[in-house]
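J.: Quick one: structure below, then a few questions.
The values are calculated or read from the model by the stated rules, or taken from the named source; none is laboratory data. Source: prediction; values computed, not measured. Quick reminder, even Gly has a Cβ in these numbers, built from the backbone with ideal geometry, and neighbours come from all protein chains shown.
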Amino acid sequence: MEFRFLLNLPVVSIANWGEASDMDTIAHFYREINSGFLNKNCGQGFEISYLAEYDENDDPLFRKFVDYTPENHEKIKKMLEADDCMEFFIHESDLIKYYKDFKVRDLQKALETQPPKQVLKEAYLVTEQILKEYFENIGSSRILRTLDELVKIIQECMDRGSLAFIDVFLVTKKDYHTYTHCANVGLYCLALANKLQMKPEAIREIGLGGMLFDVGKKSIPYEIIVKEGKLEPQEFQFIRKHPSAGRKDLNDMKCYSENILKMAAEHHERYDGTGYPFQLKGEKISLYARVCNIMDVFGAMTAPRSNRPGMTPFAALTEMKNNMEGHLICEFWSISSKFLRMPPQQELLHPDQRVIPRHPTKKRRPAPDRYSRELTFSNYRVCKCTRFFYAFFLSDPLMLCPAR
Ligand SMILES: [Fe+2]
């Protein structure tokens, strides 16, 4: 075979083909690569395999072709780019090594030399790539473990750069692939947790949970995910099951906290009990899942669909405020007020703009039911809540000004 001479590879005896040690019959552990995947700075080395044959059950059998090293980078690249290009594959174990030992380590080094916003952008792209590996390129969920370190890097970028939500929003891509959406929601959740000054471990946990919250969608047939318009009842059954499927998949990995499992399981529950799959109500829904729910809606609205362009953040927030006020706005406020030490609002403003809140000392009466209490906020309260809602997403300190 010509490609073997290109690389000066020893000719492998045909007699060895089919030996169990050389073969792996589990096709979903292999992922096809193209020349864009190769990077000559990757000194870690990994095995490149090719599809050798099919067994009696028609399962593909893969065989090692060569160790990828910087020295043979050009030759392999040429082979992948040739008109009659070879199809090469990488095993899941090496794929994980590639992300962990090369991509993530590269980002850790970049943290010391590059501006945080630049590193954030690169870390985001790697996050999206890993989620794409999971959703589209490979069958195993082990690849998701590589997100652990990425979350730490992203958190570090936000801290070092004092980045606001809008900085994060501008970094994220706006298309509607499931993997892009998960990467976006992860970053958005992390930004909110950061703003709310949650504990560093909790910030990482909520960021990671945001990236993983929709892994159950892998169990939904693709035609249903991309279908526009109303779903048939049997199609909606798949949708209803994806939160529980996601929780199960993550639980099977035996490495994620209960909070992360709840983000997967409860992100479609609603504060008023109208969500799914369990119609949980109010405080029964995990706080982490409620944050995830808000960011899921915001991310979905700002991403384009085939029948409409993506909304601007302002338009999405206005839509959320006007049409989901009883649900999302009050939800956002109740979450925020749990953690947030509101900044001294007047100090953020020019002296001429300073105003006196209408009811600065008015005490709220305790209400028997928390949901109804949220809905009966005075105008001042609702305005303040709405203003903070906009201020967080749009990073405009004037929005923090109390209502006149
Ligand atoms: Fe979902």
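J.: May I ask you to verify whether K217 is surrounded by 20 or more Cβ atoms within 10 Å (Cβ to Cβ), of a type in the set (D, E, K, R), within 16 Å of the ligand (Cβ to nearest atom) and farther than 11 Å from V291 by Cβ? Break it down into steps so the answer makes sense when it comes.
T.: On the way: surrounded by 20 or more Cβ atoms within 10 Å (Cβ to Cβ): yes; of a type in the set (D, E, K, R): yes; within 16 Å of the ligand (Cβ to nearest atom): yes; farther than 11 Å from V291 by Cβ: yes.
When the stated conditions are applied, K217 passes them.
J.: Kindly indicate the residue of the range 67-82 that is free of Cβ contacts under 8 Å to residues at least 40 places away in the same chain and among the acidic types (D, E) and also surrounded by the fewest Cβ atoms within 10 Å (Cβ to Cβ) among those meeting that condition.
T.: Let us first name the residues in the range 67-82 that are free of Cβ contacts under 8 Å to residues at least 40 places away in the same chain, namely 67-71, 73-74, 82.
Adding the requirement that they be among the acidic types (D, E) leaves 67, 71, 74.
Values: D67: 12, E71: 10, E74: 12.
Here the residue is E71.
J.: If E87 passes every condition in (1) touching a residue at least 24 places away in the same chain (Cβ under 8 Å); (2) within 27 Å of I220 (Cβ to Cβ) but one, which one does it miss?
T.: For E87, the exception is condition (2).
J.: For M79, only one of the following conditions fails: (1) under 31 Å from the mean Cα position of the chain (by Cα); (2) assigned to a helix (DSSP H, G or I). What is its number?
T.: Of the numbered conditions (1) under 31 Å from the mean Cα position of the chain (by Cα); (2) assigned to a helix (DSSP H, G or I), the odd one out for M79 is (1).
J.: Before we move on, is A315 within 13 Å of the ligand (Cβ to nearest atom) and assigned to a helix (DSSP H, G or I)?
T.: On the way: within 13 Å of the ligand (Cβ to nearest atom): no; assigned to a helix (DSSP H, G or I): yes.
In short, no.
J.: All but one of (1) in contact with a Phe, Trp or Tyr (Cβ under 9 Å, 6 or more places away or on another chain); (2) in a helix (DSSP H, G or I); (3) closer than 26 Å to E136 by Cα hold for R290; which doesn't?
T.: (3)
J.: Would it be correct to say that A289 is within 16 Å of the ligand (Cβ to nearest atom), closer than 21 Å to G209 by Cα and surrounded by fewer than 17 Cβ atoms within 10 Å (Cβ to Cβ)?
T.: Values: within 16 Å of the ligand (Cβ to nearest atom): yes; closer than 21 Å to G209 by Cα: yes; surrounded by fewer than 17 Cβ atoms within 10 Å (Cβ to Cβ): no.
So A289 does not fit the description; no.
J.: If you don't mind, another one. Right, M211: crowded, with 20+ Cβ neighbours inside 10 Å, away from the ligand (no atom under 16 Å from the Cβ) and either within 23 Å of Y276 (Cβ to Cβ) or of a type outside the set (F, W, Y) (or both) or not?
T.: Working: crowded, with 20+ Cβ neighbours inside 10 Å: yes; away from the ligand (no atom under 16 Å from the Cβ): no; either within 23 Å of Y276 (Cβ to Cβ) or of a type outside the set (F, W, Y) (or both): yes.
Considered against the rule, which asks whether it is crowded, with 20+ Cβ neighbours inside 10 Å, away from the ligand (no atom under 16 Å from the Cβ) and either within 23 Å of Y276 (Cβ to Cβ) or of a type outside the set (F, W, Y) (or both), M211 comes out as no.
J.: On to the next question. What tally of residues in the range 181-223 results from selecting those that are outside any helix (DSSP H, G or I) and modelled with pLDDT of 90 or more?
T.: 3
J.: Only residues in the range 232-244 that are under 13 Å from D214 (Cβ atoms) count as the first member; pair them with residues that are acidic (D, E) and within 11 Å of the ligand (Cβ to nearest atom), Cβ under 8 angstrom, at least 6 apart or cross-chain, and list the lot.
T.: H242/D214; P243/E266
J.: Another question, then. Can you pull out the helices (runs of 4 or more DSSP H) entirely within the range 83-170 that have at least 3 residues that are crowded, with 20+ Cβ neighbours inside 10 Å?
T.: Working: elements: 92-97, 105-113, 116-132, 147-161.
Answer list for the range 83-170: 92-97, 116-132, 147-161.
J.: Next question. Look at K173 and say whether it is in contact (Cβ under 8 Å) with a residue 24 or more places away in the chain and within 14 Å of the ligand (Cβ to nearest atom). First the steps, then the outcome.
T.: Working: in contact (Cβ under 8 Å) with a residue 24 or more places away in the chain: yes; within 14 Å of the ligand (Cβ to nearest atom): no.
So K173 does not fit the description; no.
J.: Only one of these conditions is not met by K64: (1) within 27 Å of D106 (Cα to Cα); (2) modelled with pLDDT of 75 or more; (3) surrounded by 18 or more Cβ atoms within 10 Å (Cβ to Cβ). Which number is it?
T.: So the condition that K64 fails would be (3).
J.: Let me ask something additional. Of all residues in the range 232-275 being more than 16 Å from the ligand (Cβ to nearest atom) and assigned to a helix (DSSP H, G or I), which is nearest to the chain's Cα centre (by Cα)? Explain how you work it out, then say what you get.
T.: First pass over the range 232-275, keeping only residues more than 16 Å from the ligand (Cβ to nearest atom): 232-234, 251-259, 271-273.
Still in the list and also assigned to a helix (DSSP H, G or I): 233-234, 251-252, 258-259.
Working: P233: 28, Q234: 28, N251: 18, D252: 19, E258: 18, N259: 16 Å.
So the residue we want is N259.
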